[in-house]
Amino acid sequence: MIDPAQESASPTLLEQHLAACDDACPMCGYNLHNLRGDKCPECGQQLKLQIALTQPRMAAFITGLVGLAAGAGFAGFALILTTLFSLLSGFWEWSDTLVLAVETVVFSLLVILWHRRSAKIRRLSSGARWKLAAGAWLLSIIGLAIFGVVAYE
Ligand SMILES: [Zn+2]
């Protein structure tokens, strides 16, 4: 449905673009040619024009994020398992639980920090971004090694 206020106004940049182009709705694939307004008539999603990078250079950022998330995921999952095992057996390895709890919190905070600093990380040089990503994975491996040392003492 076309908003009456928009019908009388001059076409927006989105409408001008869609008058000239045959773009499909990114949500449902409906052909938006000559769309009036800013909502897809098929799925109802609001649309906007935007400038995007052709190559967003996200690989190192995502690699680092996955590295930190792997550390948080491993520690959190192992914490759940050791807690369940301890509850069932009645035998607590407090050092294991403590190390896993600290690692879960630290890696979760690092994931949040990594995400919040995404713009700064993406502005770094390619070499610096990949060093940071490698550092994120190295931290996860170190976290795993620390747990391994504590668990097998
Ligand atoms: Zn749609």
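Each value in this text was obtained by applying a stated rule to the coordinates, not by laboratory testing. The shown structure was predicted, so the numbers you read here are calculated from the model rather than taken from an experiment. In this analysis, Cβ positions are derived from the backbone assuming ideal geometry, glycine residues included, and neighbour counts consider all displayed protein chains.
Net charge in the neighbourhood of G76 (other residues with Cβ under 15 Å of its Cβ; Lys, Arg +1, Asp, Glu -1) is -2.
The convex hull drawn around the Cα atoms of the chain, when projected onto a plane and averaged over every direction, covers 14.3 nm².
Here is what passes the span test in the chain: the DSSP H helices with alpha carbon length of 15 Å or more along the helix axis and a Kyte-Doolittle mean of 1.0 or above are 59-89, 94-116, 126-151. Here the relative contact order of segment 59-151, from alpha carbon pairs under 8 Å that lie six or more residues apart, stands at 52 percent.
Once amide H atoms are placed 1.01 Å from N in the peptide plane, what residues at a sequence separation of 5 or more from A24, or on another chain, have their amide H within under 5 Å of its amide H? Long-range HN contacts for A24: L32. Look at the dipole of the chain built from charges on Cβ: of M27, L98, I141, the Cα furthest out on the positive end belongs to I141. If you keep only loop residues by DSSP, which chymotrypsin sites (Phe, Trp or Tyr not before Pro) in segment 45-94 have at most 13 other Cβ atoms within 10 Å of their Cβ? Here the chymotrypsin sites (Phe, Trp or Tyr not before Pro) that fit, given the DSSP loop and packing criteria, are F91, W92. If you take the alpha carbon atoms of segment 42-120 and fit the smallest convex hull around them, that volume is 151 Å³ per residue. Site pair W137 and A20 shows an inter-label distance of 4.4 nm when each label is modelled 7 Å from Cα along Cα→Cβ.
The order of C43, C25, going from fewest to most other C-beta atoms within 10 Å of their C-beta, is C43, C25. Annotation for segment 65-153: trypsin sites (Lys or Arg not before Pro) lying in DSSP loop with at most 15 further Cβ atoms inside 10 Å of their Cβ are R117. With each label modelled as a point 7 angstrom along the Cα→C-beta vector, the A52-S126 pair spans 2.2 nm.
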